[in-house]
Each structure stands twice: as C-alpha cells, then as structure tokens.
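Encoded as structure tokens, the structure appears first; notes follow it.
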Amino acid sequence: MMTKILLVMCSVFLTASAFGAGSEKEVLAAMNTWKQAMLTRDRAALETLYAPGLIYVHSSGKQENKTEAIEAVVAGKDKYESISLEDMAISLYGDTALVKAKVILRINNGTETNTLLLDVLHVWIKNPVGWQMVARHALRLTPQ
C-alpha cells in the first residue's frame, strides 16, 4: 500500500513539475515577445500581450490602461533602444505568473538617450488567448 501511495505522489509531483517547467518557458517566451514588441513598436503584438484591464505603472508613478500604454509605445516620443532583463525570477500560481526582474532601459526622447535602471514586477495570467500581462509596476533604482 505504501508503495502505491509513493508511486502516486511521485507521479503527481513529476506531472506538476513538468507543467510548471512548461508554463515557465511560456511566460519567458511572453516576456521576450513583450520586449521585442516594445523595441519594434509593434501595436498588434502589444494588443495581444496586454489584457483588457491592464494596469501599467511607470517608475515615475504615472499609471496607464491598455490603450494608453500601447499608444505611448507606438506613437510616443520616447523610443526604446534596448531593454535588458536581469536577475529574472518567475513564480507560478496556477494560471498566474509573477515576473520580477531588474530592467535596464535605454530610451531616446528625440534629443538624448537616457538609461534607466528599474526594479519591475510583471503580472501575467493565462487565458484562452495565451499569457497576457494584467499589471506592471516599476521602481527606479539608483545605480550602484
């Protein structure tokens, strides 16, 4: 009897681990798609990646909804020259993923390029569309 219980527990654990690993890869792919969409100002990709109720908070404290966040990237004066994601950690909670990362942004505002070091939390949900960002909150860090 104990052997059967151990076999069932191992099976459940291995299934859960495989599901988590696959989902983590999917979330990482969504993050990479988001990064490329930001760099190329890809409206269609952002429309798919952002959930309808998106709350997008910048390090300045400015808050945008889905439409405002997309417009700021696609038609805004600031152009993202590079986005580097470092020390990324993905935590999965069923169909919800938290992605915490240090983000280094190089942004050109038309006259100069600035580099920002941010601590960012992205919140993703998995739904029939795939993984969609429902929230983002950034905090500006002081370079060490």
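Worth pointing out:
- Size of electric dipole in segment 68-109: Cβ of Lys, Arg +1 and of Asp, Glu -1, about Cα centre, debye, nearest 20: 160 debye
- Each peptide in 115-125, 78-88 was scored by the mean count of other Cβ atoms within 10 Å over its residues; highest first, the order is 115-125, 78-88.
- A simple count of charges around Asp119, restricted to other residues whose Cβ falls under 10 Å of its Cβ and scoring Lys, Arg +1 and Asp, Glu -1, yields +2.
- Accessible-area composition of segment 12-124, carbon plus sulfur, in percent [1.4 Å probe]: 56 percent
- A straight Cα-to-Cα reach below 25 Å connects Lys62 with the lysines Lys35, Lys77, Lys79, Lys100, Lys102, residues fewer than 8 places away in its own chain not being considered.
The values are calculated or read from the model by the stated rules, or taken from the named source; none is laboratory data. Note that this is a predicted model, so its numbers are computed, not measured. A quick note on method: Cβ atoms are made from the backbone with ideal geometry, for glycine too, and the neighbour counts reach across all protein chains shown. The area values use the complete protein model at the heavy-atom level, side chains included, leaving out ligands, DNA and RNA. Shrake-Rupley method; radii C 1.70, N 1.55, O 1.52, S 1.80 Å.
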